[in-house]
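What follows is a short report on a single structure.
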Amino acid sequence: MQHFLSINDLTPAQILALIELGKKMKHDYAPYSQALAGKSVVTLFEKPSLRTRVSFDIGINKLGGHSLYLDQQNGALGERETVQDFALNLSRWCDAIVARVFSHTTLEQLQKYATVPVVNSLSDLYHPCQGMADFMTLAEHHNDLSQVALGYVGDGNNVTHSLMIAAAKLGAKMVVVCPAGHFPDGHVVQQCQQLAQQHGGELVLSSDVSALEGVDCLYADTWVSMGDSTPLGQVKATFMPYQINQALLDLTGAKHVLHCQPAHRGYEISSEVMDGPSSLIFDQAENRMHIQNAILYTLLKD
Ligand code: CP
Ligand code: NVA
(Lines give C-alpha, C1' and ligand atoms only; values in the text may rest on other atoms or scores of the structure.)
(Ligands and ions follow the chains in the order given, each with its own letter.)
Protein backbone atom coordinates (compact mmCIF):
# COMPACT_ATOMS: atom_id res chain seq x y z
CA MET A 1 0.00 0.00 0.00
CA GLN A 2 1.70 3.22 -1.18
CA HIS A 3 -1.23 5.65 -1.40
CA PHE A 4 -4.94 5.48 -0.55
CA LEU A 5 -7.08 7.27 -3.11
CA SER A 6 -9.83 4.68 -3.43
CA ILE A 7 -10.92 1.42 -1.82
CA ASN A 8 -10.23 0.09 -5.30
CA ASP A 9 -6.51 0.36 -4.38
CA LEU A 10 -7.04 -2.45 -1.83
CA THR A 11 -7.49 -6.20 -2.13
CA PRO A 12 -10.33 -7.80 -0.13
CA ALA A 13 -7.70 -9.19 2.26
CA GLN A 14 -6.22 -5.71 2.77
CA ILE A 15 -9.69 -4.25 3.48
CA LEU A 16 -10.33 -6.92 6.11
CA ALA A 17 -6.83 -6.52 7.63
CA LEU A 18 -7.32 -2.75 7.99
CA ILE A 19 -10.70 -3.29 9.65
CA GLU A 20 -9.13 -5.76 12.10
CA LEU A 21 -6.32 -3.30 12.85
CA GLY A 22 -8.82 -0.47 13.33
CA LYS A 23 -10.75 -2.62 15.81
CA LYS A 24 -7.54 -3.55 17.63
CA MET A 25 -6.49 0.10 17.94
CA LYS A 26 -9.96 1.08 19.14
CA HIS A 27 -9.66 -1.52 21.89
CA ASP A 28 -6.18 -0.39 23.01
CA TYR A 29 -3.88 2.32 21.66
CA ALA A 30 -1.01 1.49 24.01
CA PRO A 31 0.97 -0.71 21.54
CA TYR A 32 0.67 2.04 18.88
CA SER A 33 1.23 5.14 20.99
CA GLN A 34 4.64 5.84 19.38
CA ALA A 35 3.89 4.37 15.94
CA LEU A 36 4.12 7.77 14.21
CA ALA A 37 6.70 9.32 16.57
CA GLY A 38 8.78 11.90 14.71
CA LYS A 39 6.40 11.85 11.74
CA SER A 40 4.33 14.75 10.44
CA VAL A 41 1.14 14.49 8.41
CA VAL A 42 -0.24 17.44 6.44
CA THR A 43 -4.04 17.47 6.28
CA LEU A 44 -5.27 19.88 3.65
CA PHE A 45 -8.80 20.89 2.90
CA GLU A 46 -10.42 22.63 -0.06
CA LYS A 47 -13.85 22.02 1.55
CA PRO A 48 -15.29 22.30 5.08
CA SER A 49 -15.03 19.45 7.58
CA LEU A 50 -15.74 18.53 11.18
CA ARG A 51 -15.28 14.76 11.46
CA THR A 52 -12.39 14.38 9.01
CA ARG A 53 -10.35 17.26 10.34
CA VAL A 54 -10.80 16.36 14.00
CA SER A 55 -10.49 12.58 13.61
CA PHE A 56 -7.22 12.83 11.66
CA ASP A 57 -5.74 15.42 14.02
CA ILE A 58 -6.61 13.65 17.25
CA GLY A 59 -5.97 10.23 15.72
CA ILE A 60 -2.44 11.16 14.61
CA ASN A 61 -1.80 12.48 18.10
CA LYS A 62 -2.87 9.10 19.55
CA LEU A 63 -0.17 7.46 17.39
CA GLY A 64 2.50 9.88 18.65
CA GLY A 65 2.66 11.84 15.39
CA HIS A 66 2.18 15.49 14.52
CA SER A 67 -0.48 16.83 12.18
CA LEU A 68 -0.53 20.15 10.38
CA TYR A 69 -3.83 21.57 9.11
CA LEU A 70 -3.81 23.57 5.87
CA ASP A 71 -6.95 25.38 4.91
CA GLN A 72 -7.44 27.18 1.64
CA GLN A 73 -6.35 30.62 2.84
CA ASN A 74 -4.29 30.90 -0.34
CA GLY A 75 -7.15 29.84 -2.63
CA ALA A 76 -7.90 26.48 -4.21
CA LEU A 77 -5.03 24.08 -4.76
CA GLY A 78 -3.25 24.84 -8.03
CA GLU A 79 -4.08 28.57 -8.03
CA ARG A 80 -1.10 30.12 -6.21
CA GLU A 81 1.28 27.48 -7.52
CA THR A 82 0.84 24.22 -9.42
CA VAL A 83 -0.35 21.08 -7.67
CA GLN A 84 2.94 19.56 -8.82
CA ASP A 85 5.00 22.18 -6.93
CA PHE A 86 2.69 21.92 -3.94
CA ALA A 87 3.32 18.15 -3.79
CA LEU A 88 7.07 18.49 -4.37
CA ASN A 89 7.41 21.07 -1.57
CA LEU A 90 5.25 19.27 0.97
CA SER A 91 7.12 16.01 0.32
CA ARG A 92 10.36 17.67 1.53
CA TRP A 93 8.89 18.25 5.01
CA CYS A 94 6.10 15.85 5.79
CA ASP A 95 5.67 12.08 5.85
CA ALA A 96 2.14 11.87 4.41
CA ILE A 97 -0.45 14.13 2.79
CA VAL A 98 -4.16 13.79 3.57
CA ALA A 99 -6.25 15.84 1.14
CA ARG A 100 -9.92 16.80 0.72
CA VAL A 101 -10.39 18.23 -2.75
CA PHE A 102 -13.07 19.33 -5.18
CA SER A 103 -11.75 17.34 -8.11
CA HIS A 104 -10.38 13.81 -7.89
CA THR A 105 -7.83 14.75 -10.57
CA THR A 106 -6.16 17.03 -7.99
CA LEU A 107 -5.51 13.96 -5.85
CA GLU A 108 -4.13 12.09 -8.85
CA GLN A 109 -1.75 15.01 -9.46
CA LEU A 110 -0.71 15.03 -5.81
CA GLN A 111 -0.11 11.28 -5.98
CA LYS A 112 1.90 11.64 -9.18
CA TYR A 113 4.33 14.20 -7.80
CA ALA A 114 4.43 13.53 -4.04
CA THR A 115 7.20 11.29 -2.78
CA VAL A 116 5.19 10.55 0.38
CA PRO A 117 1.87 8.66 0.67
CA VAL A 118 -1.30 10.55 -0.31
CA VAL A 119 -4.64 9.77 1.36
CA ASN A 120 -8.01 10.82 -0.08
CA SER A 121 -10.14 12.38 2.64
CA LEU A 122 -12.97 13.11 0.15
CA SER A 123 -13.14 14.05 -3.50
CA ASP A 124 -16.03 14.48 -5.91
CA LEU A 125 -15.62 10.80 -6.84
CA TYR A 126 -14.84 8.90 -3.64
CA HIS A 127 -14.80 9.08 0.17
CA PRO A 128 -12.74 5.96 0.91
CA CYS A 129 -11.91 6.68 4.59
CA GLN A 130 -15.65 6.98 5.15
CA GLY A 131 -16.41 3.71 3.34
CA MET A 132 -13.76 1.90 5.40
CA ALA A 133 -15.15 3.32 8.68
CA ASP A 134 -18.63 2.24 7.62
CA PHE A 135 -17.61 -1.37 6.97
CA MET A 136 -15.63 -1.38 10.22
CA THR A 137 -18.85 -0.31 11.97
CA LEU A 138 -20.78 -3.09 10.23
CA ALA A 139 -18.03 -5.55 11.23
CA GLU A 140 -18.73 -4.70 14.87
CA HIS A 141 -22.18 -6.27 14.37
CA HIS A 142 -21.54 -8.94 11.72
CA ASN A 143 -18.83 -11.62 11.89
CA ASP A 144 -18.93 -12.21 8.14
CA LEU A 145 -19.17 -9.05 6.02
CA SER A 146 -19.88 -11.11 2.88
CA GLN A 147 -23.26 -11.95 4.44
CA VAL A 148 -24.27 -8.32 4.94
CA ALA A 149 -26.93 -6.57 2.83
CA LEU A 150 -26.48 -2.79 2.90
CA GLY A 151 -29.18 -0.47 1.57
CA TYR A 152 -28.10 3.01 0.47
CA VAL A 153 -30.95 5.44 -0.16
CA GLY A 154 -30.85 8.97 -1.57
CA ASP A 155 -28.34 10.71 -3.85
CA GLY A 156 -25.78 8.55 -5.66
CA ASN A 157 -22.48 10.28 -4.81
CA ASN A 158 -18.86 9.95 -3.66
CA VAL A 159 -19.88 8.10 -0.49
CA THR A 160 -22.11 5.71 -2.48
CA HIS A 161 -19.20 4.95 -4.82
CA SER A 162 -16.84 4.02 -1.99
CA LEU A 163 -19.50 1.88 -0.29
CA MET A 164 -20.29 0.11 -3.57
CA ILE A 165 -16.62 -0.70 -4.18
CA ALA A 166 -16.11 -2.00 -0.62
CA ALA A 167 -19.31 -4.08 -0.73
CA ALA A 168 -18.42 -5.58 -4.11
CA LYS A 169 -14.86 -6.44 -3.04
CA LEU A 170 -16.09 -8.03 0.18
CA GLY A 171 -18.71 -10.10 -1.64
CA ALA A 172 -21.54 -8.34 0.20
CA LYS A 173 -24.94 -7.33 -1.16
CA MET A 174 -25.61 -3.65 -1.76
CA VAL A 175 -28.92 -2.14 -2.80
CA VAL A 176 -28.75 1.46 -4.04
CA VAL A 177 -32.09 3.26 -4.25
CA CYS A 178 -32.13 6.75 -5.80
CA PRO A 179 -34.64 8.96 -7.57
CA ALA A 180 -34.30 9.05 -11.36
CA GLY A 181 -31.41 11.27 -12.43
CA HIS A 182 -29.52 10.82 -9.14
CA PHE A 183 -27.94 7.40 -9.63
CA PRO A 184 -24.24 6.83 -8.99
CA ASP A 185 -21.73 7.35 -11.80
CA GLY A 186 -22.27 4.83 -14.62
CA HIS A 187 -18.60 3.84 -14.89
CA VAL A 188 -18.33 3.15 -11.17
CA VAL A 189 -21.57 1.11 -11.32
CA GLN A 190 -20.21 -0.95 -14.21
CA GLN A 191 -16.92 -1.52 -12.41
CA CYS A 192 -18.74 -2.55 -9.21
CA GLN A 193 -21.01 -4.95 -11.11
CA GLN A 194 -17.86 -6.69 -12.38
CA LEU A 195 -16.20 -6.66 -8.95
CA ALA A 196 -19.36 -8.04 -7.35
CA GLN A 197 -19.47 -10.86 -9.87
CA GLN A 198 -15.79 -11.62 -9.28
CA HIS A 199 -16.10 -11.67 -5.47
CA GLY A 200 -19.56 -13.21 -5.06
CA GLY A 201 -21.34 -9.97 -4.18
CA GLU A 202 -24.45 -8.39 -5.62
CA LEU A 203 -25.26 -4.81 -6.61
CA VAL A 204 -28.91 -3.86 -7.12
CA LEU A 205 -30.02 -0.42 -8.37
CA SER A 206 -33.60 0.80 -8.18
CA SER A 207 -35.79 3.88 -7.74
CA ASP A 208 -38.28 1.88 -5.69
CA VAL A 209 -37.77 1.77 -1.91
CA SER A 210 -39.36 -1.69 -1.82
CA ALA A 211 -36.03 -2.95 -3.28
CA LEU A 212 -34.64 -2.27 0.22
CA GLU A 213 -36.83 -4.91 1.86
CA GLY A 214 -34.68 -7.37 3.80
CA VAL A 215 -31.47 -5.30 4.05
CA ASP A 216 -29.58 -5.43 7.34
CA CYS A 217 -28.69 -1.76 7.41
CA LEU A 218 -29.97 1.45 5.82
CA TYR A 219 -27.52 4.20 4.88
CA ALA A 220 -28.20 7.92 4.25
CA ASP A 221 -26.08 10.83 3.06
CA THR A 222 -26.97 14.41 2.24
CA TRP A 223 -29.14 15.01 -0.83
CA VAL A 224 -26.83 17.86 -1.93
CA SER A 225 -23.07 17.34 -1.64
CA MET A 226 -20.40 19.99 -1.01
CA GLY A 227 -19.55 21.86 -4.18
CA ASP A 228 -23.16 21.73 -5.44
CA SER A 229 -24.90 25.04 -4.74
CA THR A 230 -28.46 23.71 -5.23
CA PRO A 231 -30.50 24.75 -2.15
CA LEU A 232 -31.62 21.70 -0.14
CA GLY A 233 -35.22 22.97 -0.19
CA GLN A 234 -35.20 22.80 -3.98
CA VAL A 235 -34.63 19.02 -4.07
CA LYS A 236 -36.88 18.22 -1.11
CA ALA A 237 -39.90 17.14 -3.18
CA THR A 238 -37.79 14.77 -5.31
CA PHE A 239 -36.00 13.16 -2.38
CA MET A 240 -38.60 13.14 0.42
CA PRO A 241 -39.95 9.67 -0.56
CA TYR A 242 -36.36 8.45 0.07
CA GLN A 243 -36.05 9.74 3.64
CA ILE A 244 -34.87 7.22 6.25
CA ASN A 245 -37.61 7.28 8.86
CA GLN A 246 -39.43 4.80 11.07
CA ALA A 247 -41.79 3.85 8.22
CA LEU A 248 -38.81 2.87 6.03
CA LEU A 249 -37.28 0.88 8.90
CA ASP A 250 -40.60 -0.93 9.32
CA LEU A 251 -40.94 -1.57 5.57
CA THR A 252 -37.41 -2.94 5.16
CA GLY A 253 -36.91 -4.65 8.52
CA ALA A 254 -33.42 -3.11 8.71
CA LYS A 255 -31.84 -3.43 12.16
CA HIS A 256 -29.27 -0.70 11.79
CA VAL A 257 -28.90 2.78 10.33
CA LEU A 258 -25.75 4.58 9.19
CA HIS A 259 -25.19 8.17 8.04
CA CYS A 260 -21.75 9.60 7.22
CA GLN A 261 -22.82 13.08 8.49
CA PRO A 262 -23.17 16.03 8.39
CA ALA A 263 -26.85 15.10 8.67
CA HIS A 264 -29.80 17.28 7.77
CA ARG A 265 -32.40 16.16 10.27
CA GLY A 266 -35.88 16.14 8.78
CA TYR A 267 -34.48 15.78 5.27
CA GLU A 268 -32.55 12.59 4.43
CA ILE A 269 -33.11 11.18 7.93
CA SER A 270 -35.68 11.79 10.65
CA SER A 271 -34.46 12.83 14.09
CA GLU A 272 -36.43 9.95 15.55
CA VAL A 273 -34.27 7.44 13.64
CA MET A 274 -31.01 9.34 14.06
CA ASP A 275 -31.42 9.34 17.84
CA GLY A 276 -33.17 5.96 17.98
CA PRO A 277 -31.98 2.46 18.94
CA SER A 278 -31.14 1.42 15.35
CA SER A 279 -28.65 4.25 14.88
CA LEU A 280 -24.93 3.36 14.70
CA ILE A 281 -24.21 6.86 13.42
CA PHE A 282 -22.00 8.09 16.25
CA ASP A 283 -20.09 4.78 16.47
CA GLN A 284 -19.51 5.26 12.76
CA ALA A 285 -18.17 8.79 13.33
CA GLU A 286 -15.86 7.49 16.09
CA ASN A 287 -14.62 4.71 13.82
CA ARG A 288 -13.40 7.25 11.26
CA MET A 289 -10.51 7.91 13.62
CA HIS A 290 -9.63 4.26 14.24
CA ILE A 291 -9.72 3.15 10.62
CA GLN A 292 -7.78 6.22 9.48
CA ASN A 293 -5.16 5.40 12.10
CA ALA A 294 -4.99 1.85 10.75
CA ILE A 295 -4.55 3.27 7.23
CA LEU A 296 -1.82 5.77 8.24
CA TYR A 297 -0.01 3.17 10.33
CA THR A 298 -0.02 0.72 7.41
CA LEU A 299 1.16 3.36 4.92
CA LEU A 300 3.95 4.68 7.14
CA LYS A 301 5.18 1.62 9.01
CA ASP A 302 8.05 0.72 6.62
N1 CP B 1 -18.28 12.44 7.13
C2 CP B 1 -17.40 13.45 6.95
O3 CP B 1 -16.45 13.35 6.16
O4 CP B 1 -17.64 14.54 7.74
P5 CP B 1 -16.91 15.95 7.60
O6 CP B 1 -17.32 16.52 6.27
O7 CP B 1 -17.40 16.78 8.76
O8 CP B 1 -15.44 15.74 7.63
N1 NVA C 1 -21.49 13.39 -0.11
C2 NVA C 1 -21.11 14.35 0.90
C3 NVA C 1 -20.30 13.68 1.97
C4 NVA C 1 -19.93 14.58 3.12
C5 NVA C 1 -19.07 13.89 4.14
C6 NVA C 1 -20.33 15.49 0.27
O7 NVA C 1 -19.50 15.24 -0.61
O8 NVA C 1 -20.59 16.64 0.63
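The values are calculated or read from the model by the stated rules, or taken from the named source; none is laboratory data. All values derive from a computational prediction rather than experimental measurement. Because the Cβ atoms are built from the backbone with ideal geometry, glycine has one as well, and the counts that use them run over all protein chains shown. Calculation scope for accessible area: heavy atoms of the full protein, side chains included, ligands and nucleic acids excluded. Shrake-Rupley method; radii C 1.70, N 1.55, O 1.52, S 1.80 Å.
Among 21-30, 218-227, sorting by the average number of other beta carbon atoms lying within 10 angstrom of each residue, highest first, gives 218-227, 21-30. Remark: the A37-D283 segment gains 85.8 nm on full extension, using 0.36 nm per residue and subtracting the alpha carbon distance. For the chain, the longest principal axis of the Cα atoms and the long axis of helix 186-199 meet at an angle of about 90 degrees. Full extension of the chain between L232 and A13 yields a length gain of 74.9 nm, computed as 0.36 nm times the residue separation minus the alpha carbon distance. For K173, the lysines whose Cα comes closer than 21 Å to its Cα, not counting residues fewer than 8 places off in the same chain, are K255.
Using Cα pairs under 8 angstrom and six or more residues apart, how large is the relative contact order of the range 246-302, in percent?
Relative contact order of the range 246-302: 34 percent.
All other residues with a Cβ under 12 Å from the Cβ of K39 taken together, and with Lys, Arg as +1 and Asp, Glu as -1, what is their net charge? Every neighbour counted, the sum reads 0. For the chain, the Cβ-based charge dipole about the Cα centre amounts to some 640 debye (Lys, Arg positive; Asp, Glu negative; other atoms uncharged). Ignoring lysines fewer than eight residues from K62 along the same chain, the ones with Cα atoms less than 20 angstrom from its Cα are K23, K24, K26, K39, K301. Exposure check, 1.4 Å probe, all protein chains in place: I15 carries approximately 0 Å² of accessible surface. Using 1/(1 + (r/R0)^6) with R0 = 35 angstrom and r between the beta carbons of S225 and H141, what's the FRET efficiency to the nearest 0.05? Here the calculated transfer efficiency is 0.80.
Here the contact order of the range 81-120, divided by its residue count and restricted to Cα pairs under 8 Å and six or more residues apart, works out to 52 percent.
Just check the chain against the gyration tensor rule for me: Cα atoms, a ≥ b ≥ c as the square roots of the eigenvalues, rounded for a/c under 1.5, and otherwise prolate or oblate depending on whether a/b exceeds b/c. It is prolate, given that a/c is not under 1.5 and a/b is the larger ratio.
Positive end of the dipole of the chain (Cβ unit charges, origin at the Cα centre): among S278, Y297, F135, the Cα lying farthest that way belongs to Y297. Computed from Cα atoms, the angle from the helix 104-113 axis to the main principal axis of the chain rounds to 30 degrees.
Structural descriptor for the range 8-143: relative contact order 23 percent, calculated from alpha carbon pairs under 8 angstrom and at least 6 residues apart.
By the rule of a C-alpha distance below 22 Å, with chain neighbours fewer than 8 residues away ignored, no lysines are paired with K236. Comparing H104, H141, H66 in a Gaussian network model of the chain (Cα springs below 10 Å), the most mobile by mean-square fluctuation is H141.
Placing pseudo-labels 7 Å out from each Cα toward the beta carbon at Y69 and W93 gives an inter-label distance of 1.7 nm.
Estimated at 0.36 nm per residue, the fully extended path between E20 and K301 surpasses their Cα-Cα distance by 99.5 nm.
The protection proxy used here, the mean number of other Cβ atoms lying within 10 Å of each residue, ranks peptides 155-161, 265-271, 3-9 as follows, highest first: 155-161, 3-9, 265-271.
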